[in-house]
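Okay, structure first, notes after.
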Amino acid sequence: MKVLVVKSENGQVSKKDIVEGDLPQVLRNTATLALKEWNENLSDFIIMKDMYEIHIPLPLKPQTYEMLKNYIKSRTKSEAIAEIPIFVISFDNEWVESDFKDKKVYVVSPYIDDKSENELLEYAKQVTSPVQETETEEAEEEE
């Protein structure tokens, strides 16, 4: 299986790898790497799991089906809809008033295709972005 490993720092992707291996093992290896970068005096160390919905046009290639078969939740006439796991390893973060702010994270997820890779790269950037969506929305509402 191919696994996408992305390191995001302050709203930018600083490293991206597509690794061949078992997802749980790649996740553990990446967590070990993050532990080496973690400063326990300055931040928490957290691994969070989320599910990410992707839409893949039909028909699926046999290799794509093999990757997705455990994640497909529904399908339409034109696409398969799958929920893939995403793990965010936060190792450089802080509390700002009542908000939690990630500065550096690793995002680990199964690699499906270029489209989902680009979506996950944007997700990784957003997680560590200095300006969070809610702050931007609040600023727009005030205007």
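The values are calculated or read from the model by the stated rules, or taken from the named source; none is laboratory data. It should be emphasised that the depicted structure is a prediction, and the values quoted were computed from it without experimental measurement. Virtual Cβ from ideal backbone geometry, glycine too; neighbours counted across all protein chains shown. Quick note on the areas: whole protein, heavy atoms, side chains included, nothing else; ligands and nucleic acids left out. Shrake-Rupley method; radii C 1.70, N 1.55, O 1.52, S 1.80 Å.
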Requiring at least 1 residues that are touching a residue at least 24 places away in the same chain (Cβ under 8 Å) and touching a Phe, Trp or Tyr at 6+ places or on another chain (Cβ under 9 Å), the strands (runs of 3 or more DSSP E) wholly within the range 2-75 are 2-9, 12-20, 46-57
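Filter the range 88-130 down to the residues that are of a type in the set (S, T, N, Q) and either assigned to a helix (DSSP H, G or I) or touching a Pro at 6+ places or on another chain (Cβ under 8 Å) (or both) and list them by number. Don't jump to the end; show me each part of the working.
Of the residues in the range 88-130, the ones of a type in the set (S, T, N, Q) are 90, 93, 98, 109, 116, 118, 126, 128-129.
Listed by number, the residues that qualify are 109, 116, 118, 126.
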Residue 74: among the hydroxyl-bearing types (Ser, Thr, Tyr) and loosely packed, with under 15 Cβ neighbours inside 10 Å, yes or no? yes
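Answer with yes or no whether residue 39 is modelled with pLDDT of 95 or more, under 30 Å from residue 91 (Cα atoms), open to solvent by less than 70 Å² (accessible area, probe 1.4 Å) and not β-branched (Val, Ile, Thr). Spell out the reasoning first.
Numbers: modelled with pLDDT of 95 or more: yes; under 30 Å from residue 91 (Cα atoms): yes; open to solvent by less than 70 Å² (accessible area, probe 1.4 Å): yes; not β-branched (Val, Ile, Thr): yes.
Yes, satisfied.
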Any residue at all in the range 57-69 that's of a type in the set (S, T, N, Q) and at pLDDT 95 or above? no
